[in-house]
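Here's the structure, in structure tokens; my notes come after.
The values are calculated or read from the model by the stated rules, or taken from the named source; none is laboratory data. Since we're looking at a predicted model, the values are computed, not measured. Quick reminder, even Gly has a Cβ in these numbers, built from the backbone with ideal geometry, and neighbours come from all protein chains shown. In case anyone asks, the SASA skips ligands and DNA or RNA and just uses the protein heavy atoms, side chains included. Shrake-Rupley method; radii C 1.70, N 1.55, O 1.52, S 1.80 Å.
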Amino acid sequence: MQAGLESLGIAVPPTYVELAELAKARGVAPGKYVDGLGVTRMAVPLVEEDTVTLAARAARMAMEAAGCTAEDVGMLVVGTETAVDHSKPVSSYVQGLLGLTTRCRVFETKHACYGGTAALLLAMDWVRSGSAKGKKALIICSDIARYGVGTPGEPTQGAGAVALLVSDQPKLLAFETGKTGAYAKDVMDFWRPLYSKDAVVDGHYSVQCYLDALEGAYKAYQEAAEDAGGEGMYSDRFAALVYHVPYGKMSRKAHRHIRTLDGDKEPDASFDRLVGPSLMLPSQVGNIYTGSMYLALASLLSCSREDLTGKRVGLFSYGSGSCAEFFSAVVQPEAQARVKALGLENLLEKRRALSIPEYEAIMAAREKLDDKPAEETAGEGFRYQGTRDHKRIYAR
Ligand code: HMG
């Protein structure tokens, strides 16, 4: 049985910071952030928003686009590294907001930015095996990327969610069965310690870990696909390559690495053709951790001028820590028209720019968000209901 992506949905906060403005405020040449890192704007969520509301809004878009009802969904998984609780998953709150039935497998997955991919591959096997019995899986990648104010990681923040509706009716992408290459290694490149809201990162080392994982996963993919050899460069078998995008420049480094492995003497020459369209939306949003590669995929389908129908796309997902996977899918007829109809570029255009003082005030307020509320001591019978007013924000 074939399995793939029936529809997708995106949610971003209504507010962003212009990176040229942030650079000025930090006494850095704007070119370092905009050209050096390849990011123009980074999404910054208002204090009231969290991974639950982002996830639910993205899911609503994916379900509406496919005409999918609550009864159709048999599995809901949220991949996130910005959980709202040690035990209760983001997905349970999302189930409540979406009104999904009780006959649904609901849980959360975590492995840095790879968490959503783990869920997607699992859902794909659930559909292929026949266990889904015609039901669909809703896989949502939802995160708020956060580094300390004034640190090198600060311009690589972002926030957003991507929802992926997986079923036996792949109207956007059909994933290629058995064509996946995994690579995992215990490294300390980036982590989010329990005592801190901000991620801890060894930035330059994390870039090297990403590239090592890319090489390992790319080689593992070729072994799994059993199609090495033949004419031309291996990566030319893909009409597009979609990499995990912590910032645009990382995709350029990734592409250069793959092409060099392929023996290309001009590894940058194919970048605009094979990678360019996938960076258009990410460059306006920043790193959204689990959703980053899927936002890049949406960008490719929405912004590419080439007709990709029937063509193969290579996907590389990297999660620090680390686990990575290179896999592939074939673009289905009408996929580009369907994604264009979601109006994603317009969604990003409608946002409001925050001033740097407004952004800094939000960062300071978010720092306090998970402090124990005073009501917790209000007496017997008090039940903590989660950190935010999800229903009100979702209803907007
Ligand atoms: P940095 O050290 O301040 O920056 O932070 P830099 O000095 O390396 O400069 C960056 C680039 O700007 C360089 O280009 C400079 O040459 C250029 P490159 O050499 O890399 O091609 N530059 C300029 N360009 C134009 N005009 C100028 C100018 N000045 C300099 N005036 C760093 C960079 C990425 C380390 C930092 O932002 C950081 O730590 N970010 C967070 C970590 C990260 O994103 N790592 C990526 C790989 S790991 C990953 O992807 C996993 C992750 O998503 C987490 C997860 O899995 O959950 C992060």
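Run residue 214 past the list (1) of a type outside the set (Asp, Glu); (2) over 21 Å from the mean Cα position of the chain (by Cα); (3) more than 9 Å from the ligand (Cβ to nearest atom); (4) under 27 Å from residue 40 (Cα atoms) and report the number of the one that doesn't hold.
(2)
How many residues are more than 22 Å from the chain's Cα centre (by Cα) and either within 11 Å of residue 140 (Cβ to Cβ) or open to solvent by 50 Å² or more (accessible area, probe 1.4 Å) (or both) when one looks only at segment 82-106?
Residues that pass the stated criteria total 4.
List the residue pairs whose Cβ atoms are under 7 Å apart, where the first residue sits in segment 67-81 and is charged (D, E, K, R), the second is surrounded by 24 or more Cβ atoms within 10 Å (Cβ to Cβ), and the two are 6 or more positions apart or on different chains.
Taking only residues 6 or more apart or on different chains, the pairs are 72/136; 81/115; 81/143; 81/289; 81/290.
Would you be able to tell me the number of residues in segment 247-287 that are on the phi > 0 side of the Ramachandran plot and within 13 Å of the ligand (Cβ to nearest atom)?
Restricting attention to segment 247-287, the residues satisfying the condition of being on the phi > 0 side of the Ramachandran plot are 263, 286.
Remaining after also requiring within 13 Å of the ligand (Cβ to nearest atom): 286.
Residues flagged as on the phi > 0 side of the Ramachandran plot and within 13 Å of the ligand (Cβ to nearest atom) within segment 247-287 amount to 1.
So, of the residues in segment 228-269 that are assigned to a loop (DSSP other than H, G, I, E, B) and of a type in the set (Phe, Trp, Tyr), which turns out to be nearest to residue 327 (Cα to Cα)?
238
Quick one: how many residues across segment 140-158 are among the hydrophobic types (A, V, I, L, M, F, W, C) and within 13 Å of the ligand (Cβ to nearest atom)? First the steps, then the outcome.
We begin by selecting, within segment 140-158, every residue among the hydrophobic types (A, V, I, L, M, F, W, C); these are 140-141, 144-145, 149.
Keeping just the survivors that are within 13 Å of the ligand (Cβ to nearest atom) gives 141, 144-145.
So the answer is 3.
Suppose we filter 388, 383 for residues that are within 21 Å of residue 97 (Cβ to Cβ), at pLDDT below 80 and crowded, with 16+ Cβ neighbours inside 10 Å; which single one remains?
Details: 383 fails: crowded, with 16+ Cβ neighbours inside 10 Å.
Result of the check over 388, 383: 388.
Among the strands (runs of 3 or more DSSP E) contained in segment 115-198, which hold 2 or more residues that are in contact with a Cys (Cβ under 8 Å, 6 or more places away or on another chain), open to solvent by less than 10 Å² (accessible area, probe 1.4 Å) and under 16 Å from residue 4 (Cα atoms)?
On the way: elements: 136-145, 158-167, 173-184.
In segment 115-198, the matching strands (runs of 3 or more DSSP E) lie at 158-167.
Regarding segment 296-312, can at least one residue be identified that is in a strand (DSSP E or B), more than 13 Å from the ligand (Cβ to nearest atom) and at negative phi?
Scanning segment 296-312, I find at least one residue that is in a strand (DSSP E or B), more than 13 Å from the ligand (Cβ to nearest atom) and at negative phi, so the answer is yes.
Please verify whether residue 221 is closer than 30 Å to residue 58 by Cβ, hydroxyl-bearing (Ser, Thr, Tyr), more than 16 Å from the ligand (Cβ to nearest atom) and part of a helix (DSSP H, G or I), treating the condition exactly as stated.
yes
Would segment 353-360 turn up any residue that is of a type in the set (Val, Ile, Thr), within 18 Å of residue 17 (Cα to Cα) and modelled with pLDDT of 80 or more?
Yes, because at least one residue in segment 353-360 is of a type in the set (Val, Ile, Thr), within 18 Å of residue 17 (Cα to Cα) and modelled with pLDDT of 80 or more.
Any residue at all in segment 36-59 that's of a type in the set (S, T, N, Q), without any contact (Cβ under 8 Å) to a residue 60 or more places away in the chain and away from the ligand (no atom under 15 Å from the Cβ)?
No, segment 36-59 contains no residue that is of a type in the set (S, T, N, Q), without any contact (Cβ under 8 Å) to a residue 60 or more places away in the chain and away from the ligand (no atom under 15 Å from the Cβ).
Which of the following residues is open to solvent by less than 10 Å² (accessible area, probe 1.4 Å) and in contact with a Phe, Trp or Tyr (Cβ under 7 Å, 6 or more places away or on another chain): 315, 308?
315
Out of segment 159-199, which residues are without any contact (Cβ under 8 Å) to a residue 60 or more places away in the chain and near the ligand (Cβ under 10 Å from one of its atoms)?
Within segment 159-199, 199 is the sole residue that qualifies.
Quick check on this structure: which one of 234, 221 is closer than 23 Å to residue 251 by Cβ, open to solvent by less than 70 Å² (accessible area, probe 1.4 Å) and more than 24 Å from the chain's Cα centre (by Cα)?
The conditions single out 234.
Assigned to a loop (DSSP other than H, G, I, E, B), open to solvent by 20 Å² or more (accessible area, probe 1.4 Å) and within 16 Å of the ligand (Cβ to nearest atom): is that true of residue 321 in this structure?
Taking the combined requirement at face value, the residue satisfies it.
Kindly list, by first and then second residue, each pair from a residue in segment 114-133 that is away from the ligand (no atom under 16 Å from the Cβ) to a residue that is in a helix (DSSP H, G or I), limited to pairs with Cβ atoms under 9 Å and residues at least 6 apart or on different chains.
From residues that are away from the ligand (no atom under 16 Å from the Cβ), the pairs are 131/125; 132/123; 132/126.
Between a residue in segment 86-100 that is touching a residue at least 40 places away in the same chain (Cβ under 8 Å) and any residue that is part of a loop (DSSP other than H, G, I, E, B) and open to solvent by 40 Å² or more (accessible area, probe 1.4 Å), which pairs come within a Cβ distance under 8 Å, given they are 6 or more apart or on different chains?
The qualifying pairs are 90/83.
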